[in-house]
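Below is one structure, written out as structure tokens, with a few remarks after it.
Any read-out appearing in this document is the output of simple, stated calculations on the displayed coordinates, not a laboratory observation. Note that the coordinates shown come from a computational prediction; the quantities given were computed from them, not determined experimentally. We place every Cβ from the backbone using ideal geometry, glycine too, and count neighbours over all the protein chains shown.
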Amino acid sequence: MLIVRDLKCSYGHIQALSGINFKVNQSDIVTLIGNNGAGKSTTLNAICGIAPKVSGEVVFRGRRIEKLSSDRIISLGICQVPEGRRIFPLLTVEENLMMGAYLRKDYKEMLKDMKMIYNLFPVLNKMKSRLGGELSGGEQQMLAIGRGLMANPELLLLDEPSLGLAPFLVKEIYEIIKEINSSGTTILLVEQNAKLALQIATKGYVMEKGRIVLQGYGKELLTNKEVRKIYLGEN
């Protein structure tokens with residue numbers, strides 16, 4: 001579904017990505033793990049057309065998209081749920097969800113998707129008239145994921161969905177991510193919580209300083225001695 005070839009990105013004189021290569025197959029959950037500053041979020045931003053000075057190739061369903069505008073990329077079927085949630089605090093839950101569908105014109109299908117999201121996140125259904133800024137961190141994360149799903153993406157990019165959440169909420173969010181994937185949405189997941197990410201991932205890539213230094217199946221990386229030591233805190 002997605003092929004990234006020799007992707008480079010810089011912020012001024014800082015090289016954030018130094019020629020990375022990876023692919024995402026349809027129906028997979030693929031994760032990028034690594035420490036802060038490894039280039040994980042920059043990778044997602046480059047795919048979505050919102051990172052500066054990008055070179056290399058990003059191919060989605062056989063079409064190069066690295067030169068396209070971000071709204072065009074969304075219309076092709078890629079949507080990102082950004083780090084930190086970034087919901088609209090002064091809009092209601094329902095208005096936030098509708099903002100995710102701003103490029104769509106299939107109103108009846110949008111309403112079906114809204115119902116699906118309320119079934120997926122029952123707590124949002126109870127709070128549809130509340131302002132986004134009044135929700136807890138976990139509820140805002142659910143809202144951000146729901147807003148992303150309202151774009152009806154084939155490929156959903158999730159940036160640190162567990163960030164700042166209590167452990168019981170992290171577990172709930174990850175169960176929902178698996179459910180979204182099982183319903184047919186392919187997922188590219190960026191996480192610092194390597195153990196959680198690799199447990200659900202079909203394939204994983206380890207990033208360090210703008211490079212991919214290790215790759216393998218999710219379960220394979222979970223047993224890798226270097227990964228266990230550096231990213232799982234085990235000896």
Under 5 Å, built H, 5+ apart or other chain: amide partners of Val81: Leu157, Leu158, Asp159
Viscosity 1.306 mPa s, temperature 10 °C, Stokes-Einstein D of the chain from Kirkwood C-alpha radius, µm²/s: 88
The chain: antiparallel DSSP beta bridges as a percent of all, rounded to 5: 55
Sum of side-chain charges, Gly56 neighbourhood, beta-carbon under 14 Å (Lys, Arg +1; Asp, Glu -1): +4
Integer Hz, Karplus 6.51/-1.76/1.60 couplings in order for the stretch 51-67, x for Gly and Pro: 9, x, 6, 9, 9, x, 10, 10, 10, 10, 6, x, 10, 6, 10, 5, 9
Net lengthening on full extension, Lys53/Glu134 (0.36 nm per residue, minus Cα-Cα): 25.5 nm
Summed residue charge, Cβ within 11 Å of Gly218's Cβ, Lys/Arg positive, Asp/Glu negative: +1
Sum of side-chain charges, Arg130 neighbourhood, beta-carbon under 14 Å (Lys, Arg +1; Asp, Glu -1): -2
